Amino acid sequence: MLGAAVLIAACSMGKPGASQREAVLAPLQQLAQGLKQDGEKMSLDPSLGVKSIWNIESVEVHEQPGNESQPWTGTIRFRIETKTREVDGSLSTQQFEKRFDYVYSPAVKGWIIQYVPPAPAAPKS
């Protein structure tokens, strides 16, 4: 009986680190859903004339071996489409990408957003 329980537990773990990856991925996916809802909610005011659709492109986690204070990094990528009603009644659509970078902190048992400065602009000639 005990041997069967050990065997079942070993099989359910899969490859090493898989259960840890899933444990940190799930809250990052929830965070992505919250960002999506908040972003789309901001455009619900019809007087603004702008509607945004936040499409989650990816939610990724990567292990950082040897970094006990921040063992995982995470990235959420969105493709955001905005639709604006112009003065002449036509509809203007724009798309852009947005990226959010995080590190997982075991001390707070959660994800902490990281500021990543934008790449420097190419010099004008």
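Each reported figure results from applying straightforward, stated rules to the coordinates on display, with no laboratory input. Everything numeric here is computed off the predicted structure, so don't read it as measured data. Glycine also receives a Cβ, built like all others from the backbone with ideal geometry; neighbour counts cover every protein chain displayed.
From the residues in region 27-56 that are among the acidic types (Asp, Glu) and either part of a helix (DSSP H, G or I) or surrounded by 15 or more Cβ atoms within 10 Å (Cβ to Cβ) (or both), which one is farthest from the chain's Cα centre (by Cα)? First the steps, then the outcome.
So the first thing to find is which residues in region 27-56 are among the acidic types (Asp, Glu), and the list is 38, 40, 45.
Checking the rest, the ones that are also either part of a helix (DSSP H, G or I) or surrounded by 15 or more Cβ atoms within 10 Å (Cβ to Cβ) (or both) come to 38, 40.
Values: Asp38: 13, Glu40: 15 Å.
Within region 27-56, the match that is farthest from the chain's Cα centre (by Cα) is Glu40.
Provide a single number: the residues in region 57-66 that are more than 11 Å from the chain's Cα centre (by Cα) and part of a strand (DSSP E or B).
Residues meeting the conditions: 2.
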